[in-house]
C-alpha cells in the first residue's frame, strides 16, 4: 500500500509518534518531504499553539491563531496552512516519502493537504499521515479505501515506511 495512516482521536494524538518515526527514517537516509505538527503545552491554561515543522527545511509555520480568551471557534489559520501546503508541494521532487501531517477538517472539505496527497500518490510517492476519527468517512471516500491503517506505534510505522520505500526503490 502506498498510503499509510494512523487514527488520531481527541484523546490520542498521532503527532509525537509520526514525528519520532520520521526522525528515525531521515536519520537512515530516507528522503522525506512534508510537515510534522508539534503543539506546545502552555502551563497557564491558555490554548496551545499548533506549529508545523516543515521537512526537510526545518522552517516552522504557526497554523493556529489567537481568537481571544472567550472564543470557542476553530483556531486554525487557513492562510498559514495553505502556505505550509505550498512549501510541501514544492519539496516533493526527489522525495521517497510524504508526511502529510493529517487528514482533518480542511482536507475533508477538499483543501489543506488533500491536493498534495493526491499529487504525491500520482507521482508514486508513498504517503504517511494521521486521520482524525471524525474525518475518517471523508478520508475513505477520498482514498476509495486504498489506505493501510497502522497502529499508533513508531515501530509499526517504521516497518511500514521501510517496506514501502524499499518496494519502490
**Q.** Inter-part distance where the range 1-27 and the range 135-169 are each reduced to a Cα centre, Å
**A.** 10 Å
Q.
If you take Rg and Dmax of the Cα atoms in Å from the coordinates, which of [x] 21.4, 71; [y] 15.3, 52; [z] 15.2, 44 do you get?
A. [y]
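Listing 48, 5 from the residue with the fewest other Cβ atoms within 10 Å to the one with the most, what is the order?
48, 5
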Q: Order these peptides, 80-88, 95-103, by their mean beta-carbon neighbour count within 10 angstrom, highest first.
A: 95-103, 80-88
Q) Relative to the longest principal axis of the chain, what angle (0 to 90°, nearest 10) does the C-alpha long axis of helix 78-90 take? A) 20 degrees
Q) Is it possible to state the helix-based mean residue ellipticity at 222 nm for the chain, with each DSSP H run of 4+ residues giving -39500 (n - 2.57), the sum divided by total residues, to the nearest 500 deg cm²/dmol? What is it? A) -11000 deg cm²/dmol
Q | Counting DSSP beta bridges with both ends in the chain, the antiparallel % (nearest 5) | A | 40 percent
Q) Once you put a point 7 Å from the Cα of residue 38 and another 7 Å from the Cα of residue 146, both along the Cβ direction, what distance in nm separates them? A) 3.3 nm
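Since every read-out is calculated from the coordinates, none of them should be taken as a lab result. Predicted model only: the values in this text are computed from it and were never measured. Cβ sites come from the backbone with ideal geometry, for glycine too, and all protein chains shown count toward neighbours.
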